[in-house]
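Below is one structure, written out as structure tokens; the observations come after it.
The values are calculated or read from the model by the stated rules, or taken from the named source; none is laboratory data. Because the structure is a prediction, the values reported are computed rather than measured. Cβ sites come from the backbone with ideal geometry, for glycine too, and all protein chains shown count toward neighbours. Accessible surface is based on the protein model in full, side chains and every heavy atom, while ligands, DNA and RNA are left aside. Shrake-Rupley method; radii C 1.70, N 1.55, O 1.52, S 1.80 Å.
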Amino acid sequence: MGIVNVTPDSFSDGGRYVSLSNAIDHAYQLIEDGADMLDIGGESTRPGAAEVSEQEELDRVLPVFEGLRDIAVPISIDTWKPAVMRAAIKAGASMVNDVNALQAEGAIKAVTATGAAICLMHKQGLPQTMQQQPEYHDVVSDVADFLKQRIDVLEAAGVVSERIVIDPGFGFGKTLAHNLALLRELKAFSVLGVPVLAGVSRKSMLGAITGREVNERLAASVAAAMLSVQRGAAIVRVHDVRETVDALKILNAVNGD
Ligand code: 9MG
């Protein structure tokens, strides 16, 4: 899954027109690089990031969906807002990637009657404050219990399990030790019976280990994506698609896949 951020700080000039054409060009480049799907987001979820209004988010992402309507791969909308989910699905999104696991009021209703897939991600706290003091009894079982409970809620609302993907939410209210435990034990999530998505690309956990700045984390990101797939991830959400695809081709060749 290739990441397409449509946020002003993703583009050097911050202008909407340039952001739009950059986002569309970037999306096509990611597909050429080997992405099987794209994730389009109009609100940053980085620790400390400010929320954007529903209208602003719609104004950012909908023109990108419009520009990509003939694209050959499925597109996911990265949002926690029900109105954005509804509009993006109407504009062609085939998956909702919700870092809030459909806990916002109206979010479940926004997706149930559609055919869209849903990625339920775990986070502790809010992006503004989540890294302040995350605490767990046992991070792997706490996160797995939460995801199981969200799968149950969705299934009770009529969403079949074939539409559900889960994600432990690396970096979302987790210390380095929590993130490492989740990656080490990622296989524990496969027992929940739905595909697992892992998003570790360029994250600060990699910076904490390597001492590298965000734009110098390519090797660490590829290594972490490989480890995620080896531990059962079906989807890896990455910035550096070409390099990740090459690495995964080696993994598949060695595994005889
Ligand atoms: C939007 N976003 C940022 N990081 C993410 C992650 O790790 N997983 C998912 N599903 N979405 C993410």
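Observations on the structure shown:
- Qualifying residue in region 208-227 (condition: under 24 Å from Pro74 (Cβ atoms), within 15 Å of the ligand (Cβ to nearest atom) and touching a Phe, Trp or Tyr at 6+ places or on another chain (Cβ under 9 Å)): yes
- Annotation note: Cβ proximity below 9 Å between a residue of region 214-226 that is without any contact (Cβ under 8 Å) to a residue 24 or more places away in the chain and open to solvent by less than 50 Å² (accessible area, probe 1.4 Å) and a residue that is assigned to a helix (DSSP H, G or I) and of a type in the set (S, T, N, Q) (sequence gap 6+ or interchain) occurs for Arg217/Thr210; Ala220/Thr210; Ser221/Thr244.
Table: residues versus (1) away from the ligand (no atom under 14 Å from the Cβ); (2) of a type in the set (Lys, Arg).
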site: Glu66; (1), (2): yes, no
site: Val73; (1), (2): yes, no
site: Val84; (1), (2): no, no
site: Lys90; (1), (2): yes, yes
site: Leu102; (1), (2): no, no
site: Ala107; (1), (2): yes, no
site: Ala110; (1), (2): yes, no
site: Ala113; (1), (2): yes, no
site: Ala116; (1), (2): yes, no
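- Selection status of Ile209, more than 28 Å from Lys148 (Cβ to Cβ), surrounded by fewer than 24 Cβ atoms within 10 Å (Cβ to Cβ), of a type in the set (Val, Ile, Thr) and in contact with a helix residue (DSSP H, G or I) (Cβ under 8 Å, 6 or more places away or on another chain): yes
- Checklist (1) open to solvent by 40 Å² or more (accessible area, probe 1.4 Å); (2) of a type in the set (S, T, N, Q); (3) away from the ligand (no atom under 14 Å from the Cβ) applied to Ser19, failing item: (1)
- Residue identified as in a loop (DSSP other than H, G, I, E, B), open to solvent by less than 20 Å² (accessible area, probe 1.4 Å) and closer than 25 Å to Leu192 by Cα among Leu102, Leu147, Leu120: Leu102
- Whether a residue is among the charged types (D, E, K, R), in contact with a Leu (Cβ under 9 Å, 6 or more places away or on another chain) and within 14 Å of the ligand (Cβ to nearest atom) was assessed, and Arg242 does not pass this test.
- Within region 156-179, if we keep just the residues that are within 16 Å of the ligand (Cβ to nearest atom) and farther than 17 Å from Val99 by Cα, the residue that is surrounded by the most Cβ atoms within 10 Å (Cβ to Cβ) turns out to be His178.
- Scanning region 180-191 for residues that are crowded, with 16+ Cβ neighbours inside 10 Å and more than 12 Å from the ligand (Cβ to nearest atom) returns Leu180, Ala181, Glu185, Leu186, Ala188, Phe189.
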